Amino acid sequence: MTVMPHESEHLSTPAGPQPSGEPSARLDARGLLAAISLALLVVPFSLTLLLVEDRWAPLLRIDRGARDTLHRYAVAHGGFVTAMQLVSNCGSWVFWVVVLTPVVAWLLWRRLPRLALFVLVTMAGSSLLNVVVKSSVHRLRPALSDPVARAQGLSFPSAHAQAAMVGYAVLLLVFLPLLHGAWRRTAITFAVLAVLAIGFSRIALGVHYVSDVVGGLVLGAAWVAAMAAAFNVVCIGREPLAHVASPRSAGSHTLDTSGG
């Protein structure tokens, strides 16, 4: 993700016709960056999926070892289970509907319909993609004799981990241009820790394997990268995707999600 200067800064640039090949060049550059980003994310997801499907012995040992170790601890520590359930709830679909609905409304109020559409399509598409992949892989959830939590549906990839990755990435793409210095670093750090905590909680509750969570995180990141690239390509030759900050603010920035 890159932050471009506010439009008022461009007023000092000498006026003149834009080169006819500029939109095409920008499209080519963004297409290349999108392809590289997706390759870096799709490759590890595909590898994880292949190892899960192939029931690779070292991966099974990691999955079962983490499951059994965390389950023994959870059975003996009720407070830990309660805490993990609270953290896990922050990755649910209901949680993200509650969080992102006012964000979409705010963007529409700010007359940023394309960015509002980006938020809606990215989150809804991620949920649909998760269902499709789960149905294709058809991996059963961990089996425990005395579970501390229960979850419906299939296991790979983790929907909570994927939703957390997509949700926090979308929030950063929307609001990061408004933040500066320590606030920006704090927001990024909080988002990273929250995503990791939600993924860990699903393993700790015994409803997902480690590989389920890894698959959900990588798939979520790949989906955000794909959607950000797609929306930026649509905006080639038009106004930028969004002006999040007030145009009258000296610190305003234009959000370019091509690096998301």
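Things worth noting here:
- Ala116 being farther than 16 Å from His208 by Cβ, out of contact with any Pro (no Cβ under 9 Å at 6 or more places or on another chain), among the hydrophobic types (A, V, I, L, M, F, W, C) and without any contact (Cβ under 8 Å) to a residue 12 or more places away in the chain: no
- Every condition in (1) of a type outside the set (S, T, N, Q); (2) farther than 24 Å from His138 by Cα; (3) modelled with pLDDT under 90 holds for Ala57 except the one numbered (2).
- For the residues Ile198, Ile188, the requirement of being buried (at least 24 other Cβ atoms within 10 Å of the Cβ) and either among the aromatic types (Phe, Trp, Tyr) or under 23 Å from Thr122 (Cα atoms) (or both) singles out Ile198.
- Among residues of region 49-60 that are more than 12 Å from Val210 (Cα to Cα), those with a Cβ under 7 angstrom from a residue that is hydrophobic (A, V, I, L, M, F, W, C) and buried (at least 16 other Cβ atoms within 10 Å of the Cβ), sequence gap 6+ or separate chain, pair up as Leu49/Val137; Leu51/Leu59; Glu53/Val137.
- Yes/no for Ala143 being out of contact with any strand residue (DSSP E or B) (no Cβ under 8 Å at 6 or more places or on another chain), exposed (fewer than 15 other Cβ atoms within 10 Å of the Cβ) and within 29 Å of Ala76 (Cα to Cα): yes
- Residues (over 11 Å from Ala204 (Cβ atoms), free of Cβ contacts under 8 Å to residues at least 60 places away in the same chain and of a type outside the set (Val, Ile, Thr)) located in region 73-94: Ala76, Gly78, Gly79, Leu86, Asn89
- Residue that is surrounded by the most Cβ atoms within 10 Å (Cβ to Cβ), among those in region 68-108 that are of a type in the set (S, T, N, Q) and closer than 21 Å to Met165 by Cβ: Ser88
- The residue that is farthest from Glu53 (Cα to Cα), counting only those in region 126-183 that are under 20 Å from the mean Cα position of the chain (by Cα) and outside any helix (DSSP H, G or I), is Leu179.
The values are calculated or read from the model by the stated rules, or taken from the named source; none is laboratory data. Since the structure is predicted, the reported quantities are computational estimates derived from the model, not experimental observations. For neighbour counting, all protein chains shown are included, and Cβ atoms are generated from backbone atoms with ideal geometry for every residue, glycine included.
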